[in-house]
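Participant: Questions regarding the structure given below will be posed in turn.
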Ligand code: F6P
């Protein structure tokens, strides 16, 4: 009998439940004798031994469900190797409990931080396979992460609702979009929603250029939209804002949208409001793309487990489902390249990046 543990870790997103569904159903069909152990609240469930033996029926109906029925708690990578009063670290507890549960493998559905923990546990001898989830799309080595597509559509719908009120009141709206330290989600959402200005952490903005672009948009219609990534910063304050980005855990990013709205109102003379969809971007029903994508990722993860290939994270590279070594990709960020095709296309269609 093979015992496989599954956990979901870090910020949730739409796509986790379908990924669990595909992984579990595929494990049941690939392996003659398998027991799946659900681990609750991410790595916390392995530290505190909060687990449950699940059966095939437990996974029914998950394909179209948002969130994660295994729940998730953030366990910072940095805390993993800090010894407690008895000299025992969280990583030690996880390794001990993995053995206590008799696990043959552990599937970790997580983002960047979780990939670092997965790599650490793999180095400590556990059989780990990871799957790339996050609305931020910032995991190195994969074309996309799951959850990203749903979040783009949620952001686009959110902005569509704001457009009517922006038009009624002849206002400028600044919409702050999550994304941690990278601008993928703001870029895709902003371009797809028809924003006039898109501001990313990868391209520090010049407020005069932003105001110029907003004024230009207001010449053509009575309202304008600026989409700003939560980690963005002005070119005049790179140090201050970089520090802000790196201390997100203590401060939170929220604030750049509000700050920009004030600067735009002062610079253009047009009434400006800010709006933050925030965690709404992580919620809701997974898109058809995310369902189809996680179907493939989950199935591939099950194949790796079947073949006892570990220390890997499933990925899509140039459209092909494959796997990367955790040691090659964990902890490496994936910022939007300045020559990204979507940035080029957006610039050519008149969208400003505030630079
Ligand atoms: O990593 C996903 C993400 O939603 C980021 O886009 C955002 O910065 C962060 O998580 C928010 O985290 P929390 O749910 O802890 O507020």
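The values are calculated or read from the model by the stated rules, or taken from the named source; none is laboratory data. What you are looking at is a predicted structure, and each value in this text was computed from that prediction instead of being measured. As a convention, Cβ positions derive from the backbone with ideal geometry for all residues, glycine included, and neighbour counts pool all protein chains shown.
Participant: Quick check on this structure: which one of 8, 44, 51 is within 16 Å of the ligand (Cβ to nearest atom), assigned by TED's automatic domain parsing to the domain that holds residue 120 and free of Cβ contacts under 8 Å to residues at least 60 places away in the same chain?
Facilitator: Result: 44 is the single residue among 8, 44, 51 that is within 16 Å of the ligand (Cβ to nearest atom), assigned by TED's automatic domain parsing to the domain that holds residue 120 and free of Cβ contacts under 8 Å to residues at least 60 places away in the same chain.
Participant: Here is a further query. Restricting attention to segment 147-170, does a residue exist that is within 16 Å of the ligand (Cβ to nearest atom), modelled with pLDDT of 95 or more and farther than 26 Å from residue 65 by Cα?
Facilitator: no
Participant: Quick one: in segment 171-197, of everything that is surrounded by fewer than 24 Cβ atoms within 10 Å (Cβ to Cβ) and under 14 Å from the mean Cα position of the chain (by Cα), which residue is modelled with the highest pLDDT?
Facilitator: The selected residue is 182.
Participant: May I ask you to verify whether residue 12 is on the phi < 0 side of the Ramachandran plot and more than 19 Å from the chain's Cα centre (by Cα)?
Facilitator: The answer is no for residue 12.
Participant: Can you confirm whether residue 142 is assigned to a helix (DSSP H, G or I) and either modelled with pLDDT of 95 or more or more than 25 Å from residue 259 (Cβ to Cβ) (or both)?
Facilitator: Criteria not met by residue 142.
Participant: For segment 231-243, does any single residue satisfy the condition of being in contact with a helix residue (DSSP H, G or I) (Cβ under 7 Å, 6 or more places away or on another chain), within 25 Å of residue 143 (Cα to Cα) and at pLDDT below 95?
Facilitator: yes
Participant: Restricting attention to helices (runs of 4 or more DSSP H) lying wholly within segment 250-355, give those where 3 or more residues are under 18 Å from the mean Cα position of the chain (by Cα) and more than 21 Å from residue 192 (Cα to Cα).
Facilitator: 288-306
Participant: Condition first: more than 25 Å from residue 137 (Cα to Cα), assigned by TED's automatic domain parsing to the domain that holds residue 268, modelled with pLDDT under 90 and surrounded by fewer than 15 Cβ atoms within 10 Å (Cβ to Cβ). Can you find one or more residues in segment 204-218 that meet it?
Facilitator: no
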